[in-house]
1. Could you tell me which of the residues ALA114, ALA123, ALA103, ALA110 is more than 16 Å from the chain's Cα centre (by Cα) and farther than 18 Å from GLU9 by Cβ?
2. Restricting attention to region 79-89, which residues are touching a helix residue (DSSP H, G or I) at 6+ places or on another chain (Cβ under 7 Å) and over 11 Å from LEU47 (Cα atoms)?
3. In region 84-128, what count of residues is obtained for those that are among the hydrophobic types (A, V, I, L, M, F, W, C), assigned to a helix (DSSP H, G or I) and either at positive phi or open to solvent by less than 70 Å² (accessible area, probe 1.4 Å) (or both)?
4. For region 1-36, what are the residues that are part of a loop (DSSP other than H, G, I, E, B) and over 30 Å from PRO61 (Cβ atoms)?
5. Given GLU31, GLU49, which one is among the acidic types (Asp, Glu) and either closer than 12 Å to GLU11 by Cα or modelled with pLDDT under 95 (or both)?
6. Tell me, which residue of region 38-54 that is open to solvent by 30 Å² or more (accessible area, probe 1.4 Å) and not aliphatic (A, V, I, L, M) is nearest to LEU20 (Cα to Cα)?
7. Quick one: would you say ARG7 is in contact (Cβ under 8 Å) with a residue 12 or more places away in the chain, in contact with a helix residue (DSSP H, G or I) (Cβ under 9 Å, 6 or more places away or on another chain), closer than 24 Å to VAL80 by Cα and surrounded by fewer than 19 Cβ atoms within 10 Å (Cβ to Cβ)?
8. How many residues does region 55-83 hold that are closer than 14 Å to ALA39 by Cα and open to solvent by 100 Å² or more (accessible area, probe 1.4 Å)?
Amino acid sequence: MDGWRPRDEDESAVGWRLWLALSGRLWPSGEWDGTPAEAVAGLRAVLAECDRIRGTYAGDPTAAVLRLVDSVVFVVSLPVELWRDDALPVDVDRAALLHSDLAGVVEHVAEVRAVLARGGGWAELEAR
């Protein structure tokens, strides 16, 4: 993933919003009911925020920050599509698959957050 530097204040604000959206809980909480649908609830919130970001950004539609948003949408959409309607508690095999899908998302999100933090000047926040 290439570096990113905001071109202007609007793009910086979008980068900050995306960084904040990706700062929330991606793994299920301790209150998880054992279903994949509940496990991807946080991912659905990330997708909703990405949609809001894209819908309110009035800057250049080819801005690098929007490519980061699109990469998040692509990676997050896959497990959401697979698991969003699955309301049966996971067994050992399905838990391994779900964990693998969530781990892939978490890895990608960590990379995007690092790119945003370096480019936006928030690297010290990433270290916390």
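1. Exactly one of ALA114, ALA123, ALA103, ALA110 is more than 16 Å from the chain's Cα centre (by Cα) and farther than 18 Å from GLU9 by Cβ, namely ALA123.
2. The answer is PRO79, LEU82, TRP83, ARG84, ASP85, ASP86, ALA87.
3. 16
4. Scanning region 1-36 gives ARG25, TRP27, PRO28, SER29, GLY30, GLU31, TRP32, ASP33, GLY34, THR35.
5. Residue meeting the stated conditions: GLU31.
6. That would be GLU49.
7. Answer is no for this residue.
8. 2
The values are calculated or read from the model by the stated rules, or taken from the named source; none is laboratory data. Owing to the predicted nature of the structure, the values given are computational and were not obtained by experimental measurement. Counting neighbours? That spans all protein chains shown, and the Cβs are built from the backbone with ideal geometry, glycine included. Quick note on the areas: whole protein, heavy atoms, side chains included, nothing else; ligands and nucleic acids left out. Shrake-Rupley method; radii C 1.70, N 1.55, O 1.52, S 1.80 Å.
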